[in-house]
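Notes follow the structure.
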Amino acid sequence: MIKFGRLDIMHDEIRGEIDEAIKEVINNSYFIDGPYLKKFEEDFAKYCHVKYCIGVGNGLDGLKLSLLALGVKEGDEVIIPSHTYIATALAVSSCGATPVFVEVDPVTFNLDAKKIEEKITNKTKVIIVVHLYGQCADMDEINKIAKKHNLYVLEDAAQAHGALYKGRKAGSLGDIAEFSFYPGKNLGALGDGGCVTTNNSDLALKVLKLRNYGSSAKYVHDVKGYNSRLDEIEAAILDKKLAHLDKWNQRRSEIAEQYLTKITNPKVILPKIADGNNHIWHQFVVKVSKREEFINYLKENDIPTMIHYPIAIHKQKAYQEFNDLNLPIAEELAKTVVSLPMYYGLTDEEVNYIIEKINKF
């Protein structure tokens, strides 16, 4: 039976490397802030074409610490896309700031640059762009707007490990960026994990302190910090997996190409790749007006699906203060998006079966 996602295939291919990495860390008896973290930070920074990478406990922490490093505080406003995972908004709220929802482009589902300026006020401090599902947002236009209004740009690249925008890597396109290494990501740990990337030495130092109790040296605390550190075992595993990431992403692209060229059912609206983008297909998301019928039909044919995301953030109980907002694009996406199976190890035979059944819907 086809699964929605699988990790065992990629892990089995490099099981020896993973086992050896874990063994080395255990034998080294250095489990926090040691040489394996430093090596991964150096390697991932190089991969993303940036000067600095700071490992943190998870993606949400990466967003929060980035915002704090940018000076976001109570009373500030932070622009975020209307259609994204709730972590983007939670990071803003955890700093005491207010998320300001801007509608997304109905084709790419990424932040619509044309709708940003109307939401900027004298309280606006940062624009968070989410490279949703593995495709970068319209960074040239967004950076231009940010520069015009003296704002920072924070990339939420939690789903974009290895994505390219006009030849430049996600994580190098704004003032600072966050990645999640949740196990299901294109580059995933075997538990929680995340990092922050930047070319700005001051921001890097601030995040470095914030992740470790606000400390610049042992028992010396410059600010009120947090405990959010990517541990040695996860860093060692991620470093081994990083060497294979481009190959794994390439297979996702091959699967996506088959979906894009062979799914011909007019009831199923396919995703689009914006000019200048190299999409890494963390998810392959289609739109279907009769979603429940479509999902049930595929389930009857042993094809699992998921919905990313079924409730818009401004309609969540956690954000009831925004429940009356009118964000029709986000609300329409919440009712129509469906994610198809997409993972390294999905065979051509399985892909063709999925396509065949979709075309018969």
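The values are calculated or read from the model by the stated rules, or taken from the named source; none is laboratory data. Remember, it's a predicted structure, so these values are computed and weren't measured experimentally. No Cβ is skipped: glycine too gets one built from the backbone with ideal geometry, and neighbour counts run over all protein chains shown. For the accessible areas, the whole protein counts, side chains as well, though only heavy atoms, and no ligand, DNA or RNA atoms are used. Shrake-Rupley method; radii C 1.70, N 1.55, O 1.52, S 1.80 Å.
The table below lists the values:
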quantity	calculated
Region 1-155, relative contact order [Cα under 8 Å, separation at least 6], %	17 percent
Label-point separation, Leu7 to Phe361 (7 Å along Cα→Cβ), nm	2.7 nm
Net charge, Ile358 excluded, C-beta distance under 14 Å - Lys, Arg +1, Asp, Glu -1	+3
Choice from Lys115, Lys46, Lys317 showing the highest fluctuation, given a GNM over the chain with Cα pairs closer than 10 Å	Lys317
Pairs of lysine residues in region 122-194 - Cα separation under 27 Å, sequence separation of 8 or more or cross-chain	16
For region 289-361: lysine pairs under 25 Å (alpha-carbon distance), excluding those fewer than 8 apart on one chain	12
Restricting region 14-82 to chymotrypsin sites (Phe, Trp or Tyr not before Pro) in coil, as DSSP defines it, with at most 15 other Cβ within 10 Å	Tyr30, Phe31
Principal axis dimensions, largest first and in whole angstrom, of region 56-197 by Cα	42, 32, 23
Hydrodynamic radius (Kirkwood) for the chain, which is based on Cα pairs only, to one decimal in Å	21.0 Å
Directionally averaged projected area (convex hull, Cα atoms, region 114-164), nm²	3.6 nm²
Where chymotrypsin sites (Phe, Trp or Tyr not before Pro) fall in DSSP loop in region 195-254, at most 14 other Cβ within 10 Å	Tyr219
Carbon and sulfur %, accessible surface of region 166-275 computed with the full protein complex present, 1.4 Å	51 percent
Net charge contributed by nearby residues that have their C-beta within less than 10 Å of Ala113 (K/R +1, D/E -1)	-3
Charge sum, other residues only, whose C-beta stays under 14 Å from Gly75's C-beta, Lys/Arg counted +1 and Asp/Glu -1	0
Heavy-atom surface of region 67-215, accessible at 1.4 Å and reported per residue (Å²)	34 Å²
